Every structure is written in structure tokens, then in C-alpha cells.
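Here the structure comes first, spelled out in C-alpha cells, and everything after it is commentary.
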Amino acid sequence: MTDKPLNIVIIGAGVMGACTAYYLSKNPSCTITLIEKTDIACGASGKSGGFLALDWNDHSQYLGSFSRTSFKLHQELAKELDGESQYGYRPLDTYSVVFDPKGKASKDSLDWTNPSRSIEQIGTKRTTAQLHPGFFTRKLLEEAKRTGRVEIKIGRGVSKLIYENDRDIGGVVLEDGTELRADRVVVAMGPWSGKLPLMNDTIPISGSHVHSIVLQPKDKIPGQALFTTIMHESKTFEPEDETVYICGASDKEPLPTSADQVVVDAKAIDALIHQAGHISYKLSSQNAKLIKRQACYLPISDETGAPLIGPHASYKNLYLATGHSFWGILNSPITGKMISEYLLDGQVSCVSQDVASFFIPS
Ligand SMILES: Cc1cc2nc3c(=O)[nH]c(=O)nc-3n(C[C@H](O)[C@H](O)[C@H](O)COP(=O)(O)OP(=O)(O)OC[C@H]3O[C@@H](n4cnc5c(N)ncnc54)[C@H](O)[C@@H]3O)c2cc1C
């Protein structure tokens, strides 16, 4: 590497862009410009459940060790950055619960929920945790900026890439026509990654629309996560100490051009409010205040279902960090670390070569 710092542009200030900037910023041999079209953590990275699990991807040889490493990086980050007070990081117990509002309930239940049909503990404070994803994303960027090597530009998106020739990327062009030259470009645009025009093809990523609500119950509820099935309806449900986060199933609403245009459907929100009352009377509309009604898009990796992490096979100097679907918060530290190693060392050492090659964009 020459003495001149490596000039890197990252597109997108969701959790992937933030983790990439954070790990890159530790190295003085690079300068980083992060371009965000709307706002930091304005998409799924600010609206997800922030649930983390050590071993829930163990069914896959590659994803299993990737997620385990990322869970441990979260533990390290929480210690380094005081995650507990800075972004609500906390280990918790996790349960799978089936509610049947019309049927018989068993005696087994948690002391704050309605009686359930069945309940099983599926995670402990050693294997599951939760954080506030928007605060986490912002904290990483705050730390990255503190190094003096990271500039964040908000409010103008990237419209296209600069090509030195057909296959060499030399920077990005913003929506107002401004050109930013770069030695390397990282695409961390979540579900919008598939909208970035390439010379001859597209990045195979799309978006899946999901609603969520945050409730503030009058009574305190313990820090636990529930993955619930309400017979005839189902969803994921994750309470925090003073607020309760609930998200629903995905629907077919198409991806808009930017995060501030995402549609929030009143009927989908009403359904979540209604379901909350089936889980606990403490979450009924009489006993809990609705403080957030929101929707966002999961980034879906259309060809393999697995995240795309690493150098693009067809374009030099172009790197992808996208397509993480339901586990993007969990897998963001390992993704940022892998991209920083690709860019600065030319190869990855934080996971095995076998694992790294599983995620390389083809
Ligand atoms: C309802 C829901 C619940 C979830 N719960 C969990 C969970 O409990 N645990 C977990 O691990 N994961 C969870 N996830 C998944 C996780 O939230 C996502 O995988 C992750 O946030 C994706 O991060 P990202 O940075 O790739 O994308 P995003 O957060 O979408 O960020 C992409 C950014 O790129 C910007 N952008 C777009 N176009 C441009 C452009 N042209 N120029 C510049 N910037 C641009 C956008 O404005 C946005 O800020 C959940 C997701 C959803 C939808």
C-alpha cells in the first residue's frame, strides 16, 4: 500500500454502512465518506427488533459460524462502547409461545402474559440479547467520526457509479450531479441495493415490506423476547423494559424510491394493536399507549437467500455489504469487519476462508 490513504466511499448509513465505517475507521491508512440519501438508520436499521441470537443459524455450516462470531463481536462492542447505557444492549430470556384466543389455555404462562396454549424457553441470557438498532447504528458512526477519518453526507443519494472503463469503478455520482472520486466503493444500501444501476447487470437484492409498532404499557414488563403464534395470526414480539416492540408478517407493497416514502397501512397497524391484546391484557389499548406506528423493508437476497459480502465478481473496486434479511442487526459487526479486512488487507481473517467465500457476490 502507498503512503496515500485509501479513499473509500460507503453508500447507505444503515447498520451495514455504520459497522463498515466503524471497523475501517480504526485504520489510519484510509479515509471514508459515507453517503446517505435520507437519514442515518431511517430504514430497517432504525425500525427492527434488534434481537440477537448466538446459535439460531447453526442449521447452516457457514451462517452458523458467521452469526456466532458476530454475536461475540456484539458482546465485545457492548463492553467497549458501554452498550447497555448507549444503545440498550442487554442479554435476555426468550420464549416461544402459542396463544389461542378462542381455545383452551394451559396453566403454563409468563406472569405478565395472558394464559397460553403452550410455552417453551428457546434462549437464555447467555444465548440471546437485544439492543436498540437505531441507537447502535448512531453510536458506531459517532465513534467512527471521532477518529477524524470519516465524513458523513446526508440528504443526497448516489445516483450512479463512475466507470474508469467498463469494469473499473472510480467513484460515485450524487443525485445533484456531484462526482466523488474513490479508490473503493461499498454498497450498503439495504433493499435499495438492487436499484443501483450497473453497466450490464443489477445487484440481486429486493425489499420486503413489514409493519411494526412500539407500545408503552402502564405496568412495567420484564425484559424478555417472545416469538409468538396467535392461532390464525402470527408474529414476532419483543418487549423492552419500558416499551414493547411488536412486528408483523411481510406484505407485497413495492419498494419506494427512498425511506421517507415508505407506506404505513392503518389496517396492518390496527391488526398488530389487536394482536397485542391477545398476548397480554397489559398490552391492550386500555392499558398501553401506542408510541410508534411504522413500516420498513427487509433487504432480500434474491438468488441465494444469503447476504452478499465482499468484492463484486465483475466490477473492480466495487464491494457489497447487503441482503441480510431478518438477521441484519445480529450479523452487522461481522459484515463490517469482513469488508474492512477485504479493503485493507485484501483477504478476510475474522472468519475462515470457507465461510468468507460462501458470501462472495457471484
Ligand atoms: C420488522 C423487522 C424486524 C427486524 N428484526 C431484526 C432483529 O430482531 N434482529 C436482527 O438481527 N435483524 C432484524 N431485522 C433485519 C435488519 O433490520 C436488517 O437486515 C438491517 O437493518 C439491514 O440493514 P442495512 O444497512 O443493510 O439496510 P437499511 O437499514 O435499509 O439501510 C440502507 C440505507 O441505504 C440508504 N440508501 C438507499 N438508497 C440510497 C442511495 N441511492 N444513496 C445513498 N443512500 C441510500 C437508505 O436510506 C438506508 O438508510 C429486522 C428487519 C425488519 C424489517
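Read-outs throughout are calculated quantities, based only on the coordinates presented, and are distinct from any laboratory measurement. What you are looking at is a predicted structure, and each value in this text was computed from that prediction instead of being measured. Positions of Cβ are generated from backbone atoms using ideal geometry, with glycine treated the same way; all protein chains shown enter the neighbour counts.
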(message) What value in Å³ per residue do you get for the convex hull of the alpha-carbon atoms in the chain?
(response) 133
(message) I need Phe326, Phe359, Phe71 ordered by Cβ neighbour count within 10 Å, fewest first.
(response) Phe326, Phe71, Phe359
(message) Roughly how far apart, in whole Å, are the Cα centres of the range 145-168 and the range 175-233?
(response) 20
(request) Beyond 20 Å between alpha-carbons counts as too far, so tell me which of Lys220/Lys292; Lys37/Lys267; Lys72/Lys139; Lys139/Lys337; Lys195/Lys267 fall in that bin. (result) Lys37/Lys267; Lys195/Lys267
(request) Treating the angle as unsigned and between 0 and 90°, give the value, to the nearest 10°, between the Cα long axis of helix 133-146 and the longest Cα principal axis of the chain. (result) 30
(request) Add +1 for every Lys or Arg and -1 for every Asp or Glu among the other residues with Cβ under 11 Å from the Cβ of Ser208, and state the total. (result) -2
(message) Run the Debye formula on the Cα coordinates of the range 240-362, all scatterers equal and no solvent, and tell me log10 I(q)/I(0) at q = 0.09, 0.11, 0.14, 0.17 1/Å.
(response) -0.41, -0.57, -0.78, -0.93
(request) Evaluate the relative contact order of the range 260-351 (contact order divided by residue number), counting alpha-carbon pairs under 8 angstrom at least 6 apart; express in whole percent. (result) 18
(request) Could you work out the Rg to Rh ratio of the range 69-144, with Rh taken as the Kirkwood radius (inverse of the mean 1/r over all Cα pairs)? (result) 1.17
(message) Could you list Cys247, Cys19 so that the one with the fewest beta carbons within 10 Å of its beta carbon is first and the one with the most is last?
(response) Cys247, Cys19
(request) On a 0 to 90° scale, report how tilted helix 266-279 is relative to the longest principal axis of the chain, with both axes built from alpha carbons and the result rounded to the nearest 10. (result) 50
(request) Would you mind counting up the charge near Thr69? Only other residues with Cβ under 14 Å from its Cβ, with Lys and Arg at +1 and Asp and Glu at -1. (result) -2
(request) Counting only C-alpha contacts under 8 Å and six or more residues apart, can you give the relative contact order of the range 1-136 as a whole percent? (result) 25
(request) Could you work out how far the C-alpha centroid of the range 305-348 sits from that of the range 245-274, in angstrom? (result) 28
(request) Return the aspartates and glutamates within reach of Lys102: Cα separation strictly under 15 angstrom, same-chain partners fewer than 8 residues apart disregarded; answer none if there are no such residues. (result) Glu233
(request) Lys and Arg at +1, Asp and Glu at -1: add these up for the other residues within a Cβ distance under 11 Å of Val173 and post the number. (result) 0
(message) With a 10 Å cut-off between alpha carbons and a GNM built on the chain, which of Met16, Met189, Met199 moves the most?
(response) Met199
(message) Output the 0 to 90 degree angle, nearest 10, between the alpha-carbon long axis of helix 61-80 and the longest principal axis computed from the alpha carbons of the chain.
(response) 90
(request) State, as an integer percentage, the relative contact order of the chain based on alpha-carbon contacts under 8 Å between residues 6 or more apart. (result) 23
